[in-house]
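Take a look at the structure set out below.
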Amino acid sequence: MIKSVLAATLALGGILVAPAAANAAGYTPEGICGKGFAVVNRAPVGSWGTVYLLYNRRNGLNCAVTIKSKHTGVSTRTSVLLEVARPFSNNTPPYIERASDDKRYKFYAGPVKLQGKGMCVRFSGAIANRPTKAQFQRGGNGRFTNCG
């Protein structure tokens, strides 16, 4: 009887633990951004996650996503910011185009996408450790890079 109770407890524990681990491990930057995107740069968001920059050679789109590695499954403020430096063209002065996603998420923020073929990009992300009275960790590439 004790063996069957122990076996049932372990089996139930496996059922309860496995989906959370599978969800956290199942998110990839390529899966979030979609078909054709490949990681071209990444930066740590402190020790709580990673912000990724992806590019799709076929359509010239950049994509950014922040994926949590800590505080997963808890809805905390998580953000991603993608910026593209648009050059002077057709009498339009240079400017920076921005796309962002900043809400409470359990696993990741994004994707955010911008056209960027032949342009330089900057990306960043932030993750909070709890829903209220939170501390934040931030990360990104800090300057415009990945030009081309």
Fill in the blank from the handout: The strands (runs of 3 or more DSSP E) lying wholly within the stretch 39-148 that contain at least 2 residues that are in contact (Cβ under 8 Å) with a residue 12 or more places away in the chain and among the β-branched types (V, I, T) are 49-56, 61-68, 76-86, 120-128
Problem - Residue match in the stretch 49-56 (condition: more than 27 Å from R143 (Cβ to Cβ), at pLDDT 90 or above and surrounded by 14 or more Cβ atoms within 10 Å (Cβ to Cβ)) - result: no
Practice task
Report yes if some residue within the stretch 122-130 is more than 18 Å from the chain's Cα centre (by Cα), modelled with pLDDT under 95 and among the charged types (D, E, K, R); otherwise report no.
Solution key: no
Fill in the blank from the handout: Within the stretch 121-148, the count of residues that are open to solvent by less than 40 Å² (accessible area, probe 1.4 Å), of a type in the set (A, V, I, L, M, F, W, C) and in contact with a Cys (Cβ under 9 Å, 6 or more places away or on another chain) comes to 1
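The values are calculated or read from the model by the stated rules, or taken from the named source; none is laboratory data. The structure displayed is predicted, hence computed values, not measured ones. Because the Cβ atoms are built from the backbone with ideal geometry, glycine has one as well, and the counts that use them run over all protein chains shown. Accessible surface areas use protein heavy atoms only, side chains included; no ligands, DNA or RNA. Shrake-Rupley method; radii C 1.70, N 1.55, O 1.52, S 1.80 Å.
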